[in-house]
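Worksheet for the structure shown next.
The values are calculated or read from the model by the stated rules, or taken from the named source; none is laboratory data. Remember, predicted model here, so these are calculated numbers, not experimental data. Here the Cβ is made from the backbone with ideal geometry for all residues, glycine too, and neighbour counts use every protein chain on show.
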């Protein structure tokens, strides 16, 4: 429950699929303060200019994909954003999962989660 004395946690949602973005925004808007971006370049600019408690970063984005956004952040701001980023993808290939696990990056496979599970995952990441 949010009140005037509590800080509402702020999430940046980076998703280029407008339908999915609208669903995520609807699920999270009553619980968190939200900002969004449609592509990697916009996301990178917002991340470096604003403060977010969590960054939900789609893997495949126009202009600059999620992996490149992460790598650029790590190069320019080592370890500053790593714990705040959660990759979102439908790619559950061994190569992708190994990349996340070997890099110590949090991720979720969108296609395996129903809306309640999605929100619960986000709550877990923000603890």
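A few notes on this one:
- Yes/no for residue 72 being in a helix (DSSP H, G or I), in contact with a helix residue (DSSP H, G or I) (Cβ under 7 Å, 6 or more places away or on another chain) and more than 17 Å from residue 16 (Cβ to Cβ): yes
- Selection from the stretch 37-58 of residues that are in contact (Cβ under 8 Å) with a residue 40 or more places away in the chain and crowded, with 16+ Cβ neighbours inside 10 Å: 52, 54, 55, 56, 57, 58
- Considering only residues in the stretch 3-43 that are part of a helix (DSSP H, G or I) and out of contact with any strand residue (DSSP E or B) (no Cβ under 9 Å at 6 or more places or on another chain), the one that is modelled with the highest pLDDT turns out to be 41.
- Qualifying positions in the stretch 100-122 - out of contact with any helix residue (DSSP H, G or I) (no Cβ under 8 Å at 6 or more places or on another chain) and either at pLDDT 85 or above or not in a helix (DSSP H, G or I) (or both): 100, 101, 102, 109, 114, 116, 117, 120, 121
- Annotation note: of 22, 93, 29, the sole residue that is loosely packed, with under 15 Cβ neighbours inside 10 Å and within 18 Å of residue 125 (Cα to Cα) is 29.
- Residue check for residue 67: within 14 Å of the chain's Cα centre (by Cα), part of a helix (DSSP H, G or I), surrounded by fewer than 15 Cβ atoms within 10 Å (Cβ to Cβ) and modelled with pLDDT under 95: no
- Any hit, the stretch 81-88, residues being touching a helix residue (DSSP H, G or I) at 6+ places or on another chain (Cβ under 6 Å), surrounded by fewer than 17 Cβ atoms within 10 Å (Cβ to Cβ) and within 15 Å of residue 109 (Cα to Cα): no
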